[in-house]
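The values are calculated or read from the model by the stated rules, or taken from the named source; none is laboratory data. All values reported here derive from a predicted model rather than from experimental measurement. Counting neighbours? That spans all protein chains shown, and the Cβs are built from the backbone with ideal geometry, glycine included. For the accessible areas, the whole protein counts, side chains as well, though only heavy atoms, and no ligand, DNA or RNA atoms are used. Shrake-Rupley method; radii C 1.70, N 1.55, O 1.52, S 1.80 Å.
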Amino acid sequence: MKLQQLRYIWEVAHHELNVSATAQSLYTSQPGISKQIRLLEDELGVEIFARSGKHLTRVTPAGEAILKTAGEIMRKVENIKQVAQEFNNDKKGNLAVATTHTQARYALPPVIKLFISRYPEVSLHMHQGTPMQISEMAADGTADFAIATEALELFSDLVMMPVYRWNRCVLVPKGHPLCQVDQLELDDVAKYPIVTYVFGFTGRSKLDEAFMEKGLSPKVVFTAADADVIKTYVRLGLGIGIVADMAVDGEDEDLVALDASRLFEPSVTKIGFRKGIFLRGFMFDFIQQFAPHLTRELVEQAAHATSRAEVDALFSSLELPVY
């Protein structure tokens, strides 16, 4: 059994069983990958992938178990490389961050700018997706950090740490009737068609919970993952928008942001990384630039905690900043 073979099956599984795409990403040949996978299966005496002709169709039950262990091995190999790089040049390397559009567009730019100025030899890679995709990328090693508000808690192999609290606003065009309401209530909001985030995105669950508790059934006519898209459709008159406060800036002078902090429970954005990852010096710095309260000592304690409850206890007394 060769490390290269384990890498091939891992990569094929993460390229939707497309051997050609895997070969392209690894700068090698498709026949070479297929041959090595067959040799590994012959050695192990089981099929890792089921086939229809020359095409891989699914991962077998045995393959699922083998891939899980192969993933752990690949992550340990990556950790070894990270350790070596840290001692060879602690200011050079790669950092992959997976996050949502809202975080990438509004919260992270000053952090990224400062980080790049401090670590010009670190290649920074930004992956955007749904909170579920973001969590998966951190869990399988595609990303070093996941930054999101939803879904991180679904992955038991992620260490999650709170960054900041935030709330939402109701976004309307200038002159909208809601601008005349002295104190906005959920009943007022529910009277109008709503444009907001896709379920599972950027604190959407808090929004739904608030309406349910009041026995209201809001008419959500359009959903999107991108706050800028939501604003576009508010401008078109499709409905009123409900977005994160941070997503409203000086470019939105034609819109009015109505405070909705009384209407919805605040949400907490978190940063997570998979258990067992080797955190390089610049990775600790990135975390602290994004969340100054997350000191290296606290992060190391969280990384070595044995349960999620232990991690949560570390941060229970922290007064989180409000974005």
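Data for the structure
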| quantity | calculated |
| --- | --- |
| Out-of-range pairs (alpha-carbon distance over 19 Å; input Lys91/Lys113; Lys191/Lys219; Lys68/Lys275; Lys113/Lys275; Lys2/Lys35) | Lys113/Lys275 |
| Considering only the chain, percent of DSSP beta bridges that pair antiparallel, nearest 5 | 55 percent |
| For Tyr164, residues with placed amide H under 5 Å, excluding near neighbours | Thr269 |
| Where the range 106-253 is the region considered: accessible area per residue in Å², 1.4 Å probe | 45 Å² |
| Spatially proximal aspartates and glutamates relative to Lys81 (Cα-Cα < 16 Å; intrachain offsets below 8 disregarded) | Glu72, Asp90, Asp144 |
| Within the accessible area of the range 240-323 (1.4 Å probe), percent carbon and sulfur | 51 percent |
| For the range 272-323: span of alpha carbons on each principal axis (Å, largest first) | 30, 26, 16 |
| Dipole moment magnitude, nearest 20 debye, the chain about Cα centre, only Lys, Arg, Asp, Glu C-beta charged | 940 debye |
| For Ala224, residues with placed amide H under 5 Å, excluding near neighbours | Thr196, Tyr197, Val198 |
| Distance between the range 70-132 and the range 231-246 - C-alpha centres, whole angstrom | 32 Å |
| Prolate/oblate/rounded label for the range 1-69 (Cα gyration tensor, a/c 1.5) | rounded |
| 5 angstrom amide H check on Val159, placed H, neighbours 5+ away | Phe273, Arg274, Lys275 |
